[in-house]
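Structure first, commentary second.
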Amino acid sequence: MKALSETRTWPLRLELGRLHVLILLFILELALFGALKPAYLSLAGLLDASRAFVEAGLLALGMTLVIITGGIDLSVASLLALVSVSIGFSSAAGLPLPLALVFGLLVGVLGGLLNGLIVAALDLHPLVVTLGTMALFRGLAYAVTNANAVSTFPDWFAFIGQAYLWDLFPFQLIVWLIAVVAIWILLTKTSFGRYVYGLGINERATRFSGVNVFAVKLGVYILSGFFAAIAAIIQTSRVFTARANAATGLELTVIAMVALGGTRITGGSGSILGTTLGVLILAYLQDGLVFVGVRNDWALVLTGIVLVLTVFANEFFRKERR
């Protein structure tokens with residue numbers, strides 16, 4: 001009971017040293033690219049660039065919850081692809097698109113439910129489980145489509161992934177920001193959020209405190225699947241195509257964003273504010289390097305250096321706090 005009660009203040013603490021490092025890094029990053037190419041700092045350009053990272057940002061929210069519990073979900077990108085083709089090919093088969101979108105959301109939730117059931121009920125390691133479902137979901141996506149793609153959608157569907165509000169704000173960016181606020185409230189203002197942290201800090205003590213550990217684990221994986229479905233809808237609308245190879249390798253970028261934001265890969269520590277900054281830093285770093293003309297190979301090297309240095313800084317401030 002004591003171990004669980006001690007976790008109740010964790011989500012409410014702004015770990016200022018770590019967050020200050022991330023904020024400073026983000027400001028310096030934008031300032032550097034702005035100095036190299038002043039046009040980069042235009043508001044319209046920065047907002048437009050956000051269209052490319054919203055899907056990863058949504059996946060990162062679910063991934064943060066999973067990793068804080070001490071788990072991992074390597075299947076998110078494959079599930080995104082499966083949801084995408086479920087929507088596209090069911091629509092092409094005659095199902096009205098609104099119902100196809102509901103069907104896609106159901107596929108995402110069921111995919112997360114499958115992960116959660118195997119991890120929680122069979123007490124198997126999440127790395128092994130989601131590595132298997134990563135192959136399963138991607139394989140199903142290819143099998144269902146026979147490696148074909150669907151690009152026939154009603155014109156109104158483009159609004160979700162291509163529209164701008166007031167000719168400036170991408171619609172999907174608004175969706176992501178709403179999701180960020182919702183998950184921040186869930187993690188910092190509810191009992192469920194406290195249980196998520198408690199699971200990552202000490203699962204046995206949390207279980208002895210009377211918490212339904214099975215339900216909490218199930219919940220975080222279902223949320224991960226739900227966000228994969230939302231991301232799939234946005235990406236399918238943005239590129240106006242449903243295909244089985246969508247988001248290939250995106251799970252690694254998502255994990256990097258979450259780790260960059262300060263979530264400890266072994267669980268028990270992390271925040272939605274940190275993840276949000278991690279998403280912004282990595283996304284605008286990659287976008288800025290392309291904008292200023294850095295070759296892809298050197299861009300990858302620089303991205304790796306920033307990730308290593310930031311993770312080192314996160315660990316430094318965690319130890320200082322102790």
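Values quoted throughout were computed directly from the atomic coordinates according to the rules given, and no laboratory measurement underlies them. Not measured: the values here are computed from a predicted model. As a convention, Cβ positions derive from the backbone with ideal geometry for all residues, glycine included, and neighbour counts pool all protein chains shown.
Given the options A49, T275, F227, identify the residue whose Cα lies farthest towards the positive end of the charge dipole of the chain (+1 on Cβ of Lys, Arg; -1 on Cβ of Asp, Glu).
T275
Considering the stretch 164-287, what Rg and Dmax in Å follow from its alpha-carbon atoms?
My reading of the Cα-based Rg and Dmax gives 16.4, 54 Å.
Taking only the Cα atoms of the chain, how large is their convex hull per residue, in Å³?
133
Report the charge-dipole magnitude of the chain in Debye, nearest 20, computed about the Cα centre from +1 at each Lys and Arg Cβ and -1 at each Asp and Glu Cβ. Could the numbers behind the result be given before it?
Numbers: 20 positive and 15 negative charges, 175 e Å.
The dipole of the chain has a size of about 840 debye.
Using the count of nearby Cβ atoms within 10 Å as a rough guide to exposure, how do D73, D287 rank from fewest to most?
On the way: D73 32, D287 19.
Neighbour counts put them in this order, fewest first: D287, D73.
Explain nothing, just the number: relative contact order of the chain, from Cα pairs under 8 Å at least 6 residues apart, as a whole percent. Before the final figure, lay out each step's value.
Values: 507 pairs, mean separation 110.4, N = 322.
Here the relative contact order equals 34 percent.
Could you tell me what % of all Cα pairs in the stretch 248-293 have separations over 11 Å? Display every interim value, and only then the final one.
Details: 677 of 1035 pairs.
Percent of Cα pairs beyond 11 Å in the stretch 248-293: 65.
Averaged over every viewing direction, what's the projected area of the C-alpha convex hull for the stretch 102-166? Give it in nm², one decimal, please.
Details: hull surface 26.8 nm².
Hull-based average projected area comes out at 6.7 nm².
Give me the mean projected area, in nm² to one decimal, of the convex hull enclosing the Cα positions of the stretch 134-179.
Numbers: hull surface 20.3 nm².
Over all viewing directions, the stretch 134-179 projects a mean Cα-hull area of 5.1 nm².
Run the helix sum for the chain: -39,500 (n - 2.57) per DSSP H stretch of 4+ residues, divided by residue count, reported at 222 nm to the nearest 500 deg cm²/dmol.
-24000 deg cm²/dmol
Taking the alpha carbon gyration tensor of the stretch 87-207, what are the square roots of 5 times its eigenvalues, largest first, to the nearest whole Å?
Numbers: eigenvalues 214, 119, 25 Å².
For the stretch 87-207, the ellipsoid semi-axes come out as 33, 24, 11 Å.
What chymotrypsin sites (Phe, Trp or Tyr not before Pro) does the stretch 87-193 have in DSSP loop regions with at most 13 other beta carbons within 10 Å?
On the way: sites: F89, F103, F137, Y142, W156, F157, F159, Y164, W166, F171, W176, W184, F192; in loops: W166.
For chymotrypsin sites (Phe, Trp or Tyr not before Pro) across the stretch 87-193 that sit outside H, G, I, E and B with at most 13 neighbouring Cβ atoms in 10 Å, the list reads W166.
Starting from the eigenvalues of the Cα gyration tensor, five times each then square-rooted, give me the equivalent ellipsoid semi-axes of the stretch 35-150, largest first, whole Å.
Working: eigenvalues 168, 108, 31 Å².
Over the Cα atoms of the stretch 35-150, the semi-axes work out to 29, 23, 12 Å.
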